[in-house]
Amino acid sequence: MNKDILQNRFEVICGLVLAIFASILAVVQIGSGQAGGDELKAINEKSSAYQWYQSKSIKESLLEGQIGLLETLLKSNSIQGKDTAALYENIHKMQQKITRYEKEKDEILRGSIEVGEANWVQEKDGKMGQITGAQEWEKLADKAGYIGDQFDLASLFLQLCLVMGGVALVIHKPTTKWTFFGLMIALGTLGTLLSIYIYTIS
């Protein structure tokens, strides 16, 4: 068979394979961008959840301080008579608030699903049981980061694959040409398989 015909066939096949791997690379880069956005959102939500948790802790600490002060006044007999009953009632109400803050903090930290319906104490968008906990956001951020890293690795393999294919097209020596073509197929296949794996776990 004529050498020019073989060369033309090789260029057509190599070009088609390059186009396929370039298309896969485009899909991988979209996935990588999405994973990066998901990671950033999860990190921001985690930070907001921990700030919310901290605000509840501060309120709880303030109430505990007030209870301690009132109990000291009662023990020292500084307040007597009818005022004593009112103080005990206030202490009881504050202790109930502290108990509620403890439940709220637990739900903020672990999320509504983890604490169970019996321990739902907060509404979100007018509904109970809608809180995604700080720890859940942390797991989502870690997962998105891992997925993003894997997408970047798949993208690297596919980009190297395109480089190998480009080199294969410009080289004229048959053995070298087919070596680079083989490298292109190997790297492209590796990048494709990795990207398929990433999409199955994301």
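Structure values in brief
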quantity	calculated
Nonlocal amide H pairs with Ile131, under 5 Å, H built at 1.01 Å	Ser112
Per residue solvent-accessible surface (Å²) - the range 76-156, probe of 1.4 Å	63
Accessible-area order (highest first, 1.4 angstrom probe) of the listed residues Asp83, Asp125	Asp125, Asp83
Within the chain: Cβ-based charge dipole about Cα centre, in debye rounded to nearest 20 (Lys, Arg +1; Asp, Glu -1)	420
Virtual spin-label span in nm between Leu156 and Ala186, 7 Å along Cα→Cβ	1.7
Positive minus negative residues near Ser47 (Lys, Arg vs Asp, Glu; Cβ under 14 Å)	-2
Helix-only CD estimate at 222 nm, as mean residue ellipticity for the chain, using -39500 (n - 2.57) per DSSP H run (n ≥ 4)	-31000 deg cm²/dmol
Charge dipole of the chain about the Cα centre (unit charges at C-beta), most positive-ward option of Gly191, His172, Trp137	His172
Between 0 and 90°, nearest 10: helix 82-110 axis offset from the chain longest Cα axis	10
Highest to lowest packing among 43-56, 85-98, scored as the average C-beta count within 10 Å	43-56, 85-98
Solvent-accessible surface (1.4 angstrom probe) belonging to Val115, in square angstrom, nearest 10	10
³J(HN,Hα), Karplus 6.51/-1.76/1.60, whole Hz, each residue of the range 146-154, x for Gly, Pro	5, 4, x, 5, 5, 4, 4, 5, 4
Links that overshoot a 19 Å alpha carbon limit, given the list Lys56/Lys103; Lys59/Lys127; Lys59/Lys82; Lys93/Lys124; Lys93/Lys127; Lys59/Lys103	Lys59/Lys127; Lys59/Lys82; Lys93/Lys124; Lys93/Lys127
Accessible area in the full protein assembly, largest first, 1.4 Å probe, for Leu153, Leu16	Leu16, Leu153
Average Cα contact separation per residue, the range 104-160, under 8 Å, 6 or more apart, as relative contact order %	29
Accessible surface of Phe180 - all protein chains present, 1.4 Å probe, nearest 10 Å²	50
Whole-number D in µm²/s for the chain (Stokes-Einstein; Kirkwood sum over Cα pairs; 10 °C, 1.306 mPa s)	72
Protein-only accessible surface order, largest first, of Glu123, Glu11, Glu60 at 1.4 Å	Glu123, Glu11, Glu60
Share of carbon and sulfur in the accessible heavy-atom surface of the range 98-161 [1.4 Å probe, %]	49
Relative contact order %, the chain, counting alpha carbon pairs below 8 Å whose residues are six or more apart	27
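The values are calculated or read from the model by the stated rules, or taken from the named source; none is laboratory data. Everything numeric in this text was worked out from a predicted model, so none of it was measured. Note that each Cβ is placed from the backbone with ideal geometry, even for glycine, and that neighbours are counted across all protein chains shown. All accessible areas refer to the heavy atoms of the entire protein, side chains included, with ligands and DNA or RNA removed. Shrake-Rupley method; radii C 1.70, N 1.55, O 1.52, S 1.80 Å.
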